[in-house]
Structure formats: structure tokens, C-alpha cells
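Here's the structure, in C-alpha cells; my notes come after.
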Amino acid sequence: MPSSRYERAARGAGYRTVAGLDEAGRGALFGPVFAAAVVLDPARQIRGLDDSKQLDPERREVLAARIRERAVAWTIGAADAFEIDRLNILEASRLAMRRAVERLSVACDYLLIDFIRIDLNLPQEPLVRGDALCTSIAAASILAKVERDRALASWDAVFPDYRLASNKGYGTAGHLAALDRLGPTPLHRFSFAPVRNASRHELWRGYPAIPSALAQGQLFACP
């Protein structure tokens, strides 16, 4: 189970506002990657925090409500499918986390992050499987997962054939079958091979290479 020893160690080192960060939806084929940043209040403990993947949906909802009520601050960030395709999923996850930190209502001075570092000039401690080790990262994983699941349930009403409410955008057999039958929606991640391979249209892959022998003047010369 996660513990608060990483937060205690950071405060013992002189940091005052420690935020935990995690993302949800990195491996999905559809929609944004969501991230959450959470600053827990050591005086208002929340029992039962754990990696969101280890909790059933009802338990996640209960804990998410407690986190929102008891945390010093929390917020959600996201990077959409277009940003994922443009940047790649790892950089888009970093972008979503950075957005979450920047939207916090308090200025944090130390970050505990699940596995990666982000582009912010703040002390950071990436933890492998941080959502299973650290309470604030676990809290962030719960909020990110709950918010993303709610968004997918809303998109399910727009794209019912893909059953997004049940598969949450991941590549289940039913989701892959719908992609093969119908092709992807505009909110699918075309940089992911199952989506790209299911597309009915030729995808733009960048400008063709220009032979080095072709001088710039020839490219832009007026007739």
C-alpha cells in the first residue's frame, strides 16, 4: 500500500508544499491523456488510497470525493489526441502533468511523480510504480482516472458504436472490431498503429524529402 514517507521526507528536507502527479489513459487508442496534481493535507488523512488500477470504479469515486474535499489543492490537466499525435504519448503525458501543476491554486515547491520528470523548474522525484508507493501520487492517479472515465462516458453518447463507456478507449476486442468496421473517429489517436491501420484515408506523413541537388532558388523561383 502507498505510504506518506516520501512526502514526509520532502517536508523534512525543508519543502513546504509537495504535490503528487500521475496520468491516466496513456495506453488508450482514443481521446486525451489526463493528469492530476494533488497536494495532500497531512492533518486530514485519507484512508484506502491506492493505485487507481487496483480499485473498483465505485471505490475510486468514493476516494475521489474525499480527495477533493480534504486535499490542500488538486487539479486536472490534459493533452488531447491531436497533441498526442503531434508530440508522442510520452511528451503529451508530460504536457498534461505540467498543465495540472500550473493550474494548482497553491504554488508547490516539490513534485513526486509516477516514473517520469516534467518540464518545470521545480525539484522532482520520479518514482517507479509511484502510484503503488506514494499516497499523493496514488491520490493523483485516482483523480485522473475518475475524470477520464467520466469524459469517456460522455463521448460514448457521441460515438456509441465504439463502446467507450465500457472499454475507456483501450484496445479491447470490441473496440478493435469497431475500428475495423467503421474506421476511426476524429478523436482517435492516429499515431497508434491499430488506429492508423484502420483508417480508410491516406494519412499525411510529412513533406517528401527534397533532393539535395535541388537548390532553394529552384524551389521558390518565379516562372
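The values are calculated or read from the model by the stated rules, or taken from the named source; none is laboratory data. Computed from a prediction, not measured in an experiment: that's the story for all the values here. When we count neighbours, we look across all protein chains shown, and the Cβ atoms used for this are built from the backbone with ideal geometry, even at glycine.
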Discussion item. For Ala153, only one of the following conditions fails: (1) in a helix (DSSP H, G or I); (2) in contact with a strand residue (DSSP E or B) (Cβ under 9 Å, 6 or more places away or on another chain); (3) closer than 30 Å to Asp180 by Cβ. What is its number?
Written reply: (2)
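Here are some residues: Leu176, Leu143. Which one is out of contact with any strand residue (DSSP E or B) (no Cβ under 9 Å at 6 or more places or on another chain), modelled with pLDDT of 95 or more, in a helix (DSSP H, G or I) and among the aliphatic types (A, V, I, L, M)?
Working: Leu143 fails: out of contact with any strand residue (DSSP E or B) (no Cβ under 9 Å at 6 or more places or on another chain).
Exactly one residue qualifies, and that residue is Leu176.
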Worksheet entry | Given (1) more than 24 Å from Arg94 (Cα to Cα); (2) touching a Pro at 6+ places or on another chain (Cβ under 8 Å), index of the condition Tyr15 fails | (1)
Fill in: Members of the range 106-131 that are in a strand (DSSP E or B), in contact with a helix residue (DSSP H, G or I) (Cβ under 6 Å, 6 or more places away or on another chain) and of a type in the set (A, V, I, L, M)
Leu112, Leu127
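Of all the residues that make up the range 179-223, how many are surrounded by fewer than 13 Cβ atoms within 10 Å (Cβ to Cβ) and either in a loop (DSSP other than H, G, I, E, B) or modelled with pLDDT under 55 (or both)? Outline the logic, then answer.
Looking only at the range 179-223, we keep the residues that are surrounded by fewer than 13 Cβ atoms within 10 Å (Cβ to Cβ), and these are 180-181, 186, 193, 197, 200-223.
Of the ones still in play, those that are also either in a loop (DSSP other than H, G, I, E, B) or modelled with pLDDT under 55 (or both) are 186, 200-223.
The qualifying residues number 25.
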Worksheet item: Just wondering, is there one or more residues in the range 141-149 that are without any contact (Cβ under 8 Å) to a residue 24 or more places away in the chain and closer than 25 Å to Ser3 by Cα?
Response: no
Practice prompt. Considering each of Leu49, Leu63 in turn, give the residue that is of a type in the set (A, V, I, L, M, F, W, C) and part of a loop (DSSP other than H, G, I, E, B).
Written response: Leu49
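Considering only residues that are of a type in the set (Asp, Glu) and part of a helix (DSSP H, G or I), which ones fall in the range 3-30?
Step one: of the range 3-30, the residues of a type in the set (Asp, Glu) are 7, 22-23.
The answer is Glu7, and nothing else.
Which residue is farthest from the chain's Cα centre (by Cα), if the candidates are limited to the range 29-60 and must be loosely packed, with under 15 Cβ neighbours inside 10 Å and closer than 15 Å to Arg148 by Cβ?
Let us first name the residues in the range 29-60 that are loosely packed, with under 15 Cβ neighbours inside 10 Å, namely 41-45, 47-48, 53-54, 56-59.
This time we only want the ones that are closer than 15 Å to Arg148 by Cβ, so: 53, 57.
Values: Lys53: 14, Pro57: 18 Å.
Among those residues, the one meeting the criterion is Pro57.
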